[in-house]
């Protein structure tokens, strides 16, 4: 191959590499713009969960309160699939930095097999969140985190009567995070795509939880958490050298 051809190939490779770098930087800047709230106008029309969905639930094992914000296990747990599961009436919005909701454990019941997490709309409603693919759940009886299979992993403390537990999605870092009594328990990579529904499960007699979708003050400081995440992103931006020919509108 002659030197002219080598030179042309070199220029093409340089342009390709520069394009890839620009795409990566622009993608990162879009994420930052979203986290700063610049996309708030786009998210104004996006609906958020407000109550529990009484239609798509394991109705034979639970009772949802008239205000659709509490759920109680009323059956006898005889099998592993006798789970009382209920999703929110809407999926978590995603044109925002984070989404978050909480449950308050009114009664841990006989076994305390309560779970909080996120599932797809097609989730099997007689399984704990995290036991099936495209789902994750933080379980109260063992403190384990389940994601996509029936075997859990050590994650955080157990929770019981009187505890407030939260589940959230950090879209900036692409992570799920969970809390207990106002403190962050931990986070895991968000490896599930598409719309996800806040989900609660009860699995033994007399277990009862109430759900807070944001109508009342959360135990966890969501605003403080978001501010901390924005600071982390700003620090990451400050370390990036952006070519002068890239604009940011």
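Read the figures in this text as sums done on the coordinates, not as results from a lab. Note that the structure is predicted; figures quoted are calculated from it, not measured. Positions of Cβ are backbone-derived with ideal geometry, glycine not excepted, and every protein chain shown enters the neighbour counts.
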Modelled FRET efficiency - R0 45 Å, residue 239 with residue 110, Cβ distances, 0.05 increments: 0.30
Approximate spin-label separation residue 230-residue 205, in nm, with each point projected 7 Å along Cα-to-Cβ: 5.1
Contour minus Cα-Cα distance for residue 195 and residue 161 (0.36 nm per residue): 9.2 nm
Exposure-ranked with fewest Cβ neighbours within 10 Å first, 237, 151 stand as 151, 237
For the stretch 49-223, report the translational diffusion coefficient in µm²/s to the nearest whole number, using Stokes-Einstein at 4 °C, 1.567 mPa s, and a Kirkwood Rh over Cα pairs. 84
